[in-house]
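The values are calculated or read from the model by the stated rules, or taken from the named source; none is laboratory data. Because the structure is predicted, anything quoted here is derived from the model rather than measured. Cβ placement follows ideal geometry from the backbone for every residue including glycine, while neighbour counts extend to all protein chains displayed.
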Amino acid sequence: TVMQVSVINTVDTSHEDMIHDAQMDYYGTRLATCSSDRTVKIFDVRNGGQILVADLRGHEGPVWQVAWAHPMYGNILASCSYDRKVIVWKEENGSWDKMYEYTGHESSMNSVCWGPYDFGLILACGSSDGAISLLTFTGEQQWDVKKISNAHTIGCNAVSWAPAVVPGSLVDQPSGQKPNYVKRFVSGGCDNLVKLWKEEDGQWKEDQKLEAHSDWVRDVGWAPSIGLPTSTIASCSQDGRVFIWTCEDPTGNTWTPKLLHKFVDVVWHVSWSITGNILAVSGGDNKVTLWKESMDGQWACISDVSKGQGAVSSITDTQQSEQ
Amino acid sequence: MAARWSSENVVVEFRDAQATAMSVDCLGLHAVLSGRRFLYVVNLENPSEAPRKISRQSKWDVGTVQWNPHRAQSRVFAASSNQRVDLYTWKDGFGEVHASLQGHTRVISDLDWSWFEAEYLVSSSVDTYIYIWDTRDPRKPLVALSAVAGASQVKWNRKNQNVLASSHDGDVRIWDRRKPNTAVEYVAAHLSKIHGLDWHPDNEYILATSSQDNSVRFWDYRQPRKCLNILSCQVPVWKARYTPFSHGLVTVMVPQLRRENSLLLWSTLDLNSPVHAFVGHDDVVLEFQWRPQKEGSKDCQLVTWSRDQTLRIWRVDPQLQKLCANDTVEELLEGVALSMEPERTQSSQDLEPQQSTAPLAEDLHDPEQAALGSSGAPQTLQQEFSLVNLQIRNVNVEMDALNRSCVVSAHLGSHQVRLVVKFPAHYPNNAVPTFQFVSPTSIPSAMRTKIQKILTDTSLQKVKRNQNCLEPCVRQLMSCLESDMTQEDGPPASPYVLSNPVTPALPAFPRVTNTYGSYQDANIPFPRTSGARFCGTGCLVYFTRPNTMHRSVPASEPTPRSLSALSAYHSGVLTPMKMRTESQSTLRLYSGSPTRSDKDTVSISSFYYKERKPPMSALRRWSVQTIHDYPKSRRFKTKREGSDSSNRPIKLAGKVIIQEISCLLPVHRALGESYILNVSDIQDTCQKNAAAALVVGRRDVAKVWALASAATSQDLGPDPDPDIDTPWARHPFGRHLLETLLDHYSQMSDVQTLAMLCSVFRAQGPPDAPCGQQLPRSALLPHHSRYPSFTSSSLTSGSCSSTSDSVPVTPWNTATGRDSEHGGPWGESSPDDYRYGNQAYSDPREREREQHDMNKRLLDPTHVLQFDDFKKCYGEILHRWGLKEKRADVLKFTSCPPEPHKGIEFGVFCCHCRSQARGTQCEVCRRLTFQCAVCHVAVRGASNFCLSCSHGGHTSHMMDWFSRHDQCPAGCGCHCLQQSTY
């Protein structure tokens, strides 16, 4: 079967400089983009439309990344920038305003990621100063700040939360109790390392250090869980490699890397599909490729989404046709 | 470096103005914006009020507009339009042309009102003439200066009423209006076009020029071959103007990127980095002027007009002003350079005699300035010695405060210097120390003299302001020695330039890098210019670098890893481009707006160069783009006409594409909508779901539903009696088959099928009692209660009913309550223990039945939590699809509700010892905590109490009491029934 992947919207952001991130909200109704022009824009993209909802100005340098919070906390967006700031924006009565501005770092803020909603409104931020901050909304305009100093020597480039489902501990967990969620996230940095962090008694501790990359780790992505007792993380690097790390060990101590592919140029970004079985990879070669694990555990490229911008690619999905 | 970005305090948009020029009147009340169809007069006191309009009939844009700077003529402004100058009078909210000056034969490039004679206006033109008009007689110019070359700028000297300067390509000419035939001085200022010219506000001889050659240069026109100082920028400089406060300079660059529209404020004393950036304009800044200060106001206000059609007013507070005048070593260079002026040039003698023989440096520092500069009281010599920072390489300073002297020893290469500095008694109160070289100083005597003079001047600068001078002198000494060293190698060059080495090239982000660029910023990763994210449920959002942007390095070379690595790519790529675009921009100089060339960029995008397509294709590409464009980019469409297509801005931001990729996912929204979960008719549910799966083309899932239908058929239903036969679940096609299926769909990540199967098979199991109701004993199955404990206590304490045996201490949160009681033993036991039941059953038959209950279930009860997670994850996806009811349907089948209800837990204070207790028995005094207000007996069982007065007792007693009374039985007077609800 040839499956058709269709372009449902092409949004002209009118950003005045290069775009660095684009992300839709939980329901897929709104698109947030950020750019070197120092702005963050929000578009209503329902029904193929593209209505500019907000043009958020507040950053004083290029904005690298945006992140939508879970809608149960309202319409909240975080952005991080070269200007060393993280800004949390919130929509109230139809207008977007700064909800919080965090300036606790000494260098560019490279990555922001909201934790699973089960943990409350919690944001992890990685900075070029090597530290990672965890900002927890405690109500009444208050944010609790926890900082992991020197998380990555030279700089932290990416953070990504583990799903609240803790698959590894499921089997052991006494049934009937509220699962004892452990807050965990993964980070990648200029020390070529992927690091796993775990909260214990309110303190963040380094849990694992995963070594495989030979250059700066540019992005990490913890795969969403569908309830299986396996954890999966993707990491990509300046070295052009993308690794898929899996852990089937319930204690979470044994992580095995598998090379997805070695690209010619830097790989900047990895993103998991909602069911955690497809990985989107993008990088310096200006291409977006989709990868899927076959039943026998091999990763295969199933499409090259952007040979040129706007190109619609049709995808032959062998996996699907087998069904 | 100060980073104050919030100084902008007024932003007003004039969407339709399309103004090309702007001017602020001398009272600071109005700004005039000149559009093609109207001139708009903005009330600066209240800029947001609608501007008054003066309509004009011309097919030409206004080139320059200038208010008369004299109070007497404050209502008059001049506007040039092609070859003509129109003089407007603005009165009582209305404006009209009262005179026109016609004389130029080609387009007028600049206008300037005299600072001395209110009626005198000078105009420059491409027609090579510069006309001085007495506006009282508009018929012909008063004076015509013949320049042979077309002029781009003309400016009156601010101190000398006869002197003017004009710019012609890269040259500056100084005119004495009494000698119209020839310029009195030529300054070959720049190698390429001069865009801006500004006289020093206080010094008659000094002017600043800004040029296409990426620099601002400072000149004393008496030394036309020596540039006083250079401000190197990496981009062409459109305008550089002195500020009304001392030592400030504001520049506007010709933007290389649409983003880089900041105005930069510099201190002329330290050109290494800007003092401040005025950030906010979204497009090219077309004009900026200082609004005259109100009396008593210490703030200065900068009024700017940009192609983004906004007028902004920026407050420059005294602190920021002071930053321009801050004391740095570099400050001396200006003074040194000026005072080293060897002999006056011939030409300047032709000008009006001035008392300019005094050291220029003195002119530069007015008394006010001196007051500003001296921060803190002058120090004694002893203090100076103890605080001085002389951690300078190759230098050793021995200080002797007692004898008021010190010895500076330095060696640099082959040179050796030993300098004795003696401080007079009054130092530093306007008393200069003496400098004397002693042996073994090895530098030539000419150089000694030179250095001695520099040091004396340097110290003079300082002591005049009662400031210490040792440290600046030592640093100056070293810099002189160093520059001399370099001179020895190369051709002799101007010491001024050397001592202030042509500023370290402005980094890629002139503004940002200067502010933030620290060692911490050295490893900022190279920004992503493409990216893809899965969003929502079935979308892929991605963006890539636009097709028009190409990498400036061969594809074989990898993208740099850090932002700072970028500068390496600059120089090589950009140079050839600069040459090419230069000629193009000159054409547009006279339109009154900065050139926007799409020349190669100075930013992160500089790694990529923009494609230069042949005009035709470029044209086509552009026309396509404009359709999607916001009106903004069309505003100046007219201006773009006729200009080279390569001058059009090229989009740096590509489009963001949203792709529907649901077909790649194992879950289907259509199925989410059509799947049903009907507990009362499982067979029907399976059949309908099979049909639904077929509709979306999931034949595999349809088959699974058929199997599910078969497996749940009534004839396979397990017999309640364990002795009759083995339950179907134990059959290979029973639980085993189901497990195989779950395994398969797990590998496919098909959480939809997984969750639905788990729900259906749970529903198919023995009849469930809804959670939260009192359970019959037979319902105490693991699949229902999440609680593995089979002890009878779970029955008695584990209900969610509203009355319990130990009110008010029963935890209402049943989950936590049970955890504390039974979590322990289970935590230590393995699933096997659980499965085979290690608890002591009094009746073996009961145990057997429990076993049977387990066995007959198709879903392995030990994996209940995992099945719950399938449902939870699927529920999350349904939620994203907006199918909340379907989500609720699925979550009903989880063994534990998704969010355990957190109720209110009542605590009591023991009625005997007042300590806080969490049960019927006080842990401190071991007595029962709560007494009934009616019978005064401790309450063990059900109780009620008033939330207001906290009295209460046995439920039956309370019911009884309140059926007859309103007030509290304790006699506290509380109307419990009204205060709280039992």
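Please specify each residue of segment B:191-213 satisfying the condition of being surrounded by fewer than 24 Cβ atoms within 10 Å (Cβ to Cβ) and either out of contact with any Leu (no Cβ under 9 Å at 6 or more places or on another chain) or among the basic types (K, R) (or both).
B:L191, B:S192, B:K193, B:G196, B:P201
Considering each residue of segment B:13-32, count those that are over 22 Å from B:S74 (Cβ atoms) and not in a loop (DSSP other than H, G, I, E, B), and give that number.
1
Inside segment A:228-257, can you point out the residues that are within 13 Å of another protein chain (Cβ to nearest Cβ) and over 18 Å from A:N277 (Cβ atoms)?
A:S237, A:Q238, A:D239, A:G240, A:R241, A:P250
Of all residues in segment A:298-323 being farther than 24 Å from A:M24 by Cβ and in contact with a helix residue (DSSP H, G or I) (Cβ under 9 Å, 6 or more places away or on another chain), which is modelled with the highest pLDDT?
By that ranking, first place goes to A:A300.
Considering every residue within segment A:296-312, establish whether at least one is aromatic (F, W, Y), assigned to a strand (DSSP E or B) and within 9 Å of chain B (Cβ to nearest Cβ).
No, segment A:296-312 has no match at all.
Only residues that are more than 16 Å from A:V264 (Cα to Cα) and among the hydroxyl-bearing types (S, T, Y): list them for segment A:278-295, please.
Selection gives A:S294 alone.
Do we have A:S225 as more than 12 Å from every other protein chain (Cβ to nearest Cβ), surrounded by 20 or more Cβ atoms within 10 Å (Cβ to Cβ) and in contact with a helix residue (DSSP H, G or I) (Cβ under 7 Å, 6 or more places away or on another chain) here?
Criteria not met by A:S225.
Residues in segment A:26-41 that are more than 10 Å from chain B (Cβ to nearest Cβ) and in contact with a Leu (Cβ under 7 Å, 6 or more places away or on another chain): how many?
The total comes to 1.
Mind counting the residues in segment A:57-80 that are facing chain B (nearest Cβ under 10 Å) and among the polar types (S, T, N, Q)?
The total comes to 1.
Kindly indicate whether A:G276 is out of contact with any strand residue (DSSP E or B) (no Cβ under 6 Å at 6 or more places or on another chain), at positive phi and more than 7 Å from every other protein chain (Cβ to nearest Cβ).
Here the answer is no, as A:G276 does not meet what is asked.
Check off (1) within 12 Å of chain B (Cβ to nearest Cβ); (2) under 22 Å from the mean Cα position of the chain (by Cα) for A:D44 and give me the number that stays unchecked.
All conditions are met except number (1).
Yes or no, residue by residue, for (1) under 23 Å from B:G280 (Cβ atoms); (2) within 22 Å of the chain's Cα centre (by Cα):
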{"site": "A:V53", "(1), (2)": "yes, no"}
{"site": "A:L56", "(1), (2)": "yes, yes"}
{"site": "A:P62", "(1), (2)": "yes, yes"}
{"site": "A:M72", "(1), (2)": "no, yes"}
{"site": "A:S81", "(1), (2)": "yes, yes"}
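Could you run through segment B:188-207 and say how many residues are modelled with pLDDT of 90 or more and assigned to a strand (DSSP E or B)?
Looking only at that region, the number is 8.
How many of the residues in segment A:12-44 are more than 17 Å from B:D308 (Cβ to Cβ), surrounded by fewer than 23 Cβ atoms within 10 Å (Cβ to Cβ) and without any contact (Cβ under 8 Å) to a residue 40 or more places away in the chain?
4
Filtering segment B:243-294 down to residues that are among the acidic types (D, E) and more than 24 Å from B:N229 (Cα to Cα), which residue is modelled with the highest pLDDT?
B:E287
Quick check: is even one residue across segment B:438-451 over 17 Å from B:C480 (Cα atoms), surrounded by fewer than 16 Cβ atoms within 10 Å (Cβ to Cβ), under 52 Å from the mean Cα position of the chain (by Cα) and of a type in the set (V, I, T)?
For segment B:438-451, residues over 17 Å from B:C480 (Cα atoms), surrounded by fewer than 16 Cβ atoms within 10 Å (Cβ to Cβ), under 52 Å from the mean Cα position of the chain (by Cα) and of a type in the set (V, I, T): absent.
Considering every residue within segment A:280-291, establish whether at least one is within 24 Å of A:K183 (Cα to Cα) and facing chain B (nearest Cβ under 10 Å).
no
Looking only at segment A:233-247, filter to residues that are surrounded by fewer than 24 Cβ atoms within 10 Å (Cβ to Cβ) and touching a Gly at 6+ places or on another chain (Cβ under 8 Å); which one of those is nearest to A:G283 (Cα to Cα)?
Applying the filter and picking the extreme gives A:G240.
Helices (runs of 4 or more DSSP H) wholly in segment B:667-714 with at least 2 residues that are under 21 Å from B:R880 (Cβ atoms) and in contact with an Asp or Glu (Cβ under 9 Å, 6 or more places away or on another chain) - which ones?
B:682-695
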